[in-house]
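**Student:** I have a structure here, written as structure tokens, and I will follow up with some questions on it.
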Amino acid sequence: MRYAYRCHTCRLTWDTRDELHDAQADQNAHKYQAHGGARPDGQIIETPGPLDEVGSVVRAGAAGLARGVYRGLTSKSLQKVSETDYFRQAAMLLGGGILILVLIRWLTH
């Protein structure tokens, strides 16, 4: 979400910011410069950014994918395949790879 400070008293709107903290800093700076520290009738407003719309599409796709994975995991044909050695080896490799990626992420941040 993107944020912009709007002072209704002065009828001014500041540039949009990526972080709420930055919009609040705009509000505080304006409050002291233009209004002597008094709080004018203004507010921080949320403005949707370009990635917010993408996020809703991704959430809907993830929900559909999760339903498909659940159906696949509960199917009888997967139970037959999961009894083979190939499936067990693939599952172990995939799990190990994910564990390594999580460990790398944890160590680098």
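**Student:** Within the stretch 1-24, track down each residue that is surrounded by 14 or more Cβ atoms within 10 Å (Cβ to Cβ) and assigned to a helix (DSSP H, G or I).
**Tutor:** Of everything in the stretch 1-24, those that are surrounded by 14 or more Cβ atoms within 10 Å (Cβ to Cβ) and assigned to a helix (DSSP H, G or I) turn out to be Asp22, Ala23, Gln24.
**Student:** A follow-up question, please. Looking only at residues that are open to solvent by less than 90 Å² (accessible area, probe 1.4 Å) and over 29 Å from the mean Cα position of the chain (by Cα) in the stretch 87-109, which one is modelled with the lowest pLDDT?
**Tutor:** Per the criteria, the residue is Phe87.
**Student:** A follow-up question, please. Would you be able to tell me the number of residues in the stretch 52-106 that are more than 30 Å from Arg2 (Cα to Cα) and assigned to a helix (DSSP H, G or I)? Walk me through it before giving the result.
**Tutor:** Going residue by residue through the stretch 52-106, those that are more than 30 Å from Arg2 (Cα to Cα) are 67-101, 103-104.
Cutting the leftovers down to assigned to a helix (DSSP H, G or I) gives us 67-73, 76-81, 85-101, 103-104.
Counting residues in the stretch 52-106 that are more than 30 Å from Arg2 (Cα to Cα) and assigned to a helix (DSSP H, G or I) gives 32.
**Student:** Shifting gears a bit: Gln43: surrounded by 10 or more Cβ atoms within 10 Å (Cβ to Cβ), of a type outside the set (Phe, Trp, Tyr) and at pLDDT 80 or above, yes or no? It would help to see each step written out before you state the result.
**Tutor:** Values: surrounded by 10 or more Cβ atoms within 10 Å (Cβ to Cβ): yes; of a type outside the set (Phe, Trp, Tyr): yes; at pLDDT 80 or above: no.
So Gln43 does not fit the description; no.
The values are calculated or read from the model by the stated rules, or taken from the named source; none is laboratory data. Here the structure is a predicted model, which is why all the values come from computation and not from measurement. Positions of Cβ are backbone-derived with ideal geometry, glycine not excepted, and every protein chain shown enters the neighbour counts. We work out accessible area using only protein heavy atoms, side chains counted, and drop any ligands, DNA or RNA first. Shrake-Rupley method; radii C 1.70, N 1.55, O 1.52, S 1.80 Å.
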